Amino acid sequence: MTRQQFIDEVNDWWELIDFCNDEGCSYCDDVYSEESRDDYINEQLVDMARNADSWSELLDTLNDITTGYDYYRRDDYGEWSGLGDYEFNEYKDDVLEWADDQEIWEDDEEEPLPEDDEDEDDDFVADEPISIGELMGVCNSQLQQIGTDKKAETAADDEAFEVFVAGCVTIVEGE
């Protein structure tokens, strides 16, 4: 992926997380989708219950978990916070800076043009140096030939029209 593709195409948390996973970047390791957050909490639920002094403390702990977001961050203390657009832009900027430092970007060069097969281009004429005067002379002679051909075509059309008209006049006079 090029740097510009990252800037243009990574516009959602899941794209940013996938990018980090593919490139070995740990910046999004603390970011969870709602589903992955729920899975994590379900796995930790028994330990949370054991560590709670009472069922009401466990209930308070569960009630303190932030909800209503598509993505969440779990900090070093185990606290959950919701992530919005502002946080996404901060993370994206951090990942962009990390990728710049790691020099992971593909070059922004244009894709190379396919090489011509000589077999396919049998009619291809290689570029040869030609002066402007020669070019103008060739073009002029071709234009003159086109003009001559056009005059001959017009004369033949005129002759055919005269023959047609003469035939029509003969038919009309014969009536």
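The values are calculated or read from the model by the stated rules, or taken from the named source; none is laboratory data. Everything numeric in this text was worked out from a predicted model, so none of it was measured. Every residue, glycine among them, receives a Cβ derived from its backbone with ideal geometry; neighbour counts consider all protein chains shown. Just so you know, the surface numbers come from the protein's heavy atoms only, side chains and all, with ligands and any DNA or RNA stripped out. Shrake-Rupley method; radii C 1.70, N 1.55, O 1.52, S 1.80 Å.
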GNM of the chain, Cα pairs under 10 angstrom: of 34, 162, 106, the biggest fluctuation goes to 162
Computed lengthening from residue 29 to residue 149, 0.36 nm per intervening residue step minus Cα-Cα distance: 35.5 nm
Distance in nm between residue 62 and residue 85 label points, each 7 Å along Cα→Cβ, equals 3.5
Counting Lys and Arg as +1 and Asp and Glu as -1, each charge on the Cβ, what is the dipole of the chain about the Cα centre in debye, to the nearest 20? 840
Please give the contour-minus-distance gain from residue 8 to residue 106: 0.36 nm per residue of separation, less the Cα-Cα distance, rounded to one decimal in nm. 33.8 nm
Accessible-area order (highest first, 1.4 angstrom probe) of the listed residues 22, 75: 22, 75
Please state the relative contact order of the chain as a whole percent: Cα pairs under 8 Å, 6+ residues apart? 22
Which of 37, 50, 74 moves most in a GNM of the chain, Cα contacts under 10 Å? 50
Per residue, accessible area of the chain with a 1.4 Å probe, heavy atoms of protein chains only, in Å², comes to 81
List the residue ranges in the chain for DSSP H helices whose C-alpha atoms run 30 angstrom or more along the long axis and whose Kyte-Doolittle average is 0.0 or above. 132-174
Size of the dipole of the range 3-50 about the Cα centre, Lys and Arg at +1 and Asp and Glu at -1 on the beta carbon, nothing else charged, in debye to 20? 220
Per residue, the convex hull volume that the Cα atoms of the chain enclose (Å³): 386
Got a number for the accessible area of residue 107? Probe 1.4 Å, square angstrom, nearest 10. 110
Picking from 26, 66, 49, whose Cα lies most toward the positive end of the charge dipole for the chain (charges on Cβ: Lys, Arg +1; Asp, Glu -1)? 66
Note the full-extension length gain between residue 44 and residue 163 as 0.36 nm times their separation in residues minus their Cα-Cα distance, in nm to one decimal. 32.6 nm
Quote the accessible area belonging to residue 157 in square angstrom, nearest 10, computed with a 1.4 Å probe and with ligands, DNA and RNA left uncounted. 90
May I ask you to rank 14, 105 by accessible area, largest first, using a 1.4 Å probe over the protein chains only? 14, 105
Nearest-10 value in Å² for the accessible area of residue 48, using the 1.4 Å probe: 50
